[in-house]
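Derivation of every value follows stated rules applied to the coordinates shown; laboratory data play no part. Keep in mind the model is a prediction, meaning the values are calculated, not measured. A quick note on method: Cβ atoms are made from the backbone with ideal geometry, for glycine too, and the neighbour counts reach across all protein chains shown.
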Amino acid sequence: MILALETSCDDTCSAVVEPDGRRTLSNVVHTQTEHARYGGVVPEVASRAHLERLDGVVQRSLSEAGISLDEVSSVAVTVRPGLIGALLVGVAAAKGLAYASGLPLVPVNHLEGHVAAAYLTDLELEPPFVALIASGGHTALYSVDQNCNMLLLGETLDDAAGEALDKGARMLGLGFPGGPAISEAARGGDADRYDFPVGLKGKDKLDFSFSGLKTSLLYKLKAMDSEQLFEELPHLAAGYEAAVVEALTRKLLRAVDLQDASTVVVAGGVAANTLLRRTLEERCARTRTGLVVPPPELCTDNAAMIGAAAARSPAVPFPEYLSLNARSI
Ligand code: KG4
Ligand code: ZN
């Protein structure tokens, strides 16, 4: 079994995954609540919270899987990209666990982890495919080849999609994380009441931009008093959410065209968004494109996806793994 750890941001995660990376025996996620009052993740607070929680989370993942450390064959851990202090907690813990149990260590890239959540979702899925990763820290399109190599096709030129949702939510006076908060506020709203720009809409390139959308919301809010904002909130939230979804959908389908791809994988926290999932289901059905979107709990940060990626990555033996380091980018 693979024991996988993930601590790149504000979720303390541990999972047990089968060696072929297709089935999860346990997937424990502790979402740090300490950040809510700051309206965003505070790196030092995240590192400390990981330190306090990780041991317990690992124990729980083993007991929920019904196994002991003796039955673990490798330890996997996210080494990049992410908050450096947060990553270091996971990497140090993974090294300690591997060393104490005489196991190899598998370093995993967080983005490859997000994509690998798709292998836990569709047991038949094999590359090649086009992948969209839309999270709080990243928004990018990749072509994934037979050997799981990820070729960057396009990425955001400014904010990530999740970041745009988080910032939009903050402007609207909503909670954190902003993605689910905006969806909630958008209920019953008319997405067409306000005109929000879809970034780089007309451009043939596969890059994204969300800064114009943010500015557009800012100007709309400046022209409103608090009473108007209260009344207009559902429409503003719906319009803002729809613009993010449209930008992601458009570029993904353009990538499918350009790559002549038959399957797409959508991953990262924003892939948990109901409107995005529905829109992609409709449009992919129309173009007969295979669509794999993991269930919401495998879209947001978790360690099962890290275990799934580890199953397709080389393990590093002792003592080489002792010199492995975390990297923020
Ligand atoms: O992948 P993730 O959990 O962490 C990073 O690696 O960044 O993504 C977190 C992002 C946040 O910006 C959050 O607002 C967004 O994903 N998110 C959502 C939803 N759930 C989380 N965005 C839209 N709809 C959701 N249901
Ligand atoms: Zn992530």
For region 1-49, what is the charge dipole size about the Cα centre, in debye to the nearest 20, if Lys and Arg each add +1 at the Cβ and Asp and Glu each add -1 at the Cβ?
-> 80 debye
Quantify how much of the Cα-Cα distance distribution of the chain extends past 30 Å, in percent.
-> 35 percent
Least to most buried among Phe208, Phe318 (fewest other Cβ within 10 Å first) = Phe318, Phe208
One finds the C-alpha centres of region 118-183 and region 250-320 to be spaced, in Å, by 8 Å
How many angstrom lie between the C-alpha centres of region 86-108 and region 209-235?
-> 46 Å
How much of the DSSP beta bridge set in the chain is antiparallel, as a percent to the nearest 5?
-> 60 percent
Cα gyration tensor, region 63-116 - rounded (a/c under 1.5), prolate or oblate = prolate
Only Cα pairs under 8 Å and at least 6 apart count here; give the relative contact order of region 129-260 as a rounded whole percent.
-> 27 percent
Gyration tensor verdict on region 71-163 (Cα atoms; rounded if a/c is under 1.5, prolate if a/b is larger than b/c, oblate otherwise) = oblate
When DSSP assigns beta bridges and you keep just the ones with both residues in region 1-145, what percent turn out antiparallel, to the nearest 5?
-> 65 percent
Top of Ala191, Ala164, Ala140 by mean-square fluctuation, Gaussian network on the chain, Cα under 10 Å = Ala191
Number of Lys pairs (Cα under 28 Å; 8 or more positions apart or on different chains) in the chain = 19
Fewest to most Cβ atoms within 10 Å: Cys9, Cys284, Cys148 sort as Cys148, Cys284, Cys9
Select from Gly39, Gly66, Gly202 the residue whose mean-square fluctuation is largest in a Gaussian network model of the chain (Cα-Cα springs shorter than 10 Å).
-> Gly202
Please report the Cα spread of region 1-46 along all three principal axes, rounded to whole Å, starting with the longest.
-> 40, 14, 11
Comparing Lys205, Lys251, Lys95, which has the greatest mean-square fluctuation in the GNM of the chain with Cα pairs linked when under 10 Å apart?
-> Lys205
